[in-house]
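The values are calculated or read from the model by the stated rules, or taken from the named source; none is laboratory data. Keep in mind that what you see is a predicted model, and the values were worked out from it rather than measured. Heads up, the Cβs are rebuilt from the backbone with ideal geometry, glycines too, and the neighbour counts pull from every protein chain shown.
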Amino acid sequence: MSNSKLYKGSLNTIILKLLSENGKMYGYEITQKVKDLTKGELNITEGALYPALHKLEAEGLLDVEIAKVDNRLRKYYKLTESGTKETVSKLQELAEYIKTMQNLVNPKLA
Amino acid sequence: MKLSQEHIQQLHDFTRKHYVEWFDVQLELVDHLANGIEAQWEQNPKLSFEEALEKEFKKFGIFGFMDVVSQTENSMGRKYRHFLINEVKEWFKIPQILSIIVLFIMFFLTFKSQLSEVIILSFYVIFGIWMAYKSFALRRLFKKRRSTSKKWLLEHIIFQQASGILFIAIVNIFNMLNLTNGSETSIYGAVFMSLLFTIAVIVSVVSLHILPNKADQLLKQTYHSYVTN
């Protein structure tokens, strides 16, 4: 990962967005999906992902489903109704942030 | 190559050794480690299980599973409070609200009576004994459940957290008793105290009696069909 601090504030938005596109996902799948989508540029650390998932779950934005896969249990996450609404507003916030940053670092493009 | 049942058991033991006591947290970490190890084996089939596990564990950073565990505990605490508040709210519906009104009036009359200190003190003692008995009984019940099943975090909170609330309630009631010493209680004072006492009684009854009785239902709701007692 090039700069983890820059991505840190967007972790929740990334998780919500991925779940809105893929329905239900499990932790490991999320880390791999982010790696694939960013071609290895962004690597979500395990130590940050699970605490974030559990926090979103406690806030009522995510719902949990446990299923038996192979010879082990797997915990899937999916968006709740309020999670779906939150995703929209989080993405808007992020888009505005990106726009503002662009204005700041590259005024000519804006 | 897929992990065997024996490997999965080893992973559970590994998480337990790294201070992950709760089965619900373990199962998620075990699945994560297992996926990581299987992915490594795809790249390098000669790698031993132990080596692959060590590599995966390192990805969690120097604090290991600590952040995951503490965040899960916070989240589950929140979930418990949510269950508690929902149950308390039930008491404000008809017909349960009648018992609240009766309780409130009883406390109010007590605070306004000449004998308020004697009555409140007796209530305090009786209620304290009931709470101590209940929390002792819950601890015993929890131990009994423990010997036959896995450790689920929510179950621990339902049976053990209750005593935390008990402690807060006891301290608060004690402070209130000190407040009543000496001077006569005003109407506002009596209303306020009666309200606090009523709420303390309801919260204690919900946390020490109602929620533990509903434990299996709440556990099923949270962990679905994977809770086996």
Look at the stretch B:24-49 and say how many of its residues are loosely packed, with under 14 Cβ neighbours inside 10 Å and touching a helix residue (DSSP H, G or I) at 6+ places or on another chain (Cβ under 9 Å). 2
Could you grab me the full set of residues in the stretch B:1-10 that are more than 8 Å from every other protein chain (Cβ to nearest Cβ) and modelled with pLDDT of 90 or more? B:6, B:7, B:9, B:10
Just to be sure, is residue A:60 at pLDDT below 90, among the small types (Gly, Ala, Ser) and farther than 28 Å from residue B:62 by Cβ? yes
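Scan the stretch A:52-59 and give yes if some residue there is more than 20 Å from residue B:77 (Cβ to Cβ) and among the charged types (D, E, K, R), otherwise no.
Among the residues of the stretch A:52-59, not one is more than 20 Å from residue B:77 (Cβ to Cβ) and among the charged types (D, E, K, R), which makes the answer no.
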Only one residue in B:103, B:115, B:98 is crowded, with 16+ Cβ neighbours inside 10 Å and over 24 Å from the mean Cα position of the chain (by Cα). Which one? B:103
Selection from the stretch B:65-80 of residues more than 8 Å from chain A (Cβ to nearest Cβ) and in contact with a His (Cβ under 7 Å, 6 or more places away or on another chain) yields B:65
Checked B:150, B:55, B:143 against criteria (modelled with pLDDT under 90 and within 14 Å of chain A (Cβ to nearest Cβ)); the one match is B:150
Before we move on, is residue B:36 assigned to a loop (DSSP other than H, G, I, E, B) and within 14 Å of chain A (Cβ to nearest Cβ)? no
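Residues checked against (1) under 28 Å from residue B:159 (Cα atoms); (2) at pLDDT below 85:
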| site | (1), (2) |
| --- | --- |
| B:45 | no, no |
| B:51 | no, no |
| B:73 | yes, no |
| B:81 | yes, no |
| B:84 | yes, no |
| B:88 | yes, no |
| B:107 | no, no |
| B:113 | no, yes |
| B:128 | yes, yes |
Just checking, which of A:71, A:43 is facing chain B (nearest Cβ under 8 Å) and surrounded by fewer than 17 Cβ atoms within 10 Å (Cβ to Cβ)? A:71
Would you confirm whether any residue within the stretch B:39-52 is polar (S, T, N, Q), within 12 Å of chain A (Cβ to nearest Cβ) and without any contact (Cβ under 8 Å) to a residue 24 or more places away in the chain? no
Residue B:85 vs. criteria of a type in the set (A, V, I, L, M, F, W, C) and more than 14 Å from chain A (Cβ to nearest Cβ): no
Restricted to the stretch B:73-95 and to residues being hydrophobic (A, V, I, L, M, F, W, C), out of contact with any Ser or Thr (no Cβ under 7 Å at 6 or more places or on another chain) and closer than 20 Å to residue B:214 by Cβ, the residue surrounded by the fewest Cβ atoms within 10 Å (Cβ to Cβ) is B:92
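Residue check: is residue A:8 within 14 Å of another protein chain (Cβ to nearest Cβ), in contact with a Lys or Arg (Cβ under 7 Å, 6 or more places away or on another chain), surrounded by fewer than 17 Cβ atoms within 10 Å (Cβ to Cβ) and in contact (Cβ under 8 Å) with a residue 24 or more places away in the chain?
no
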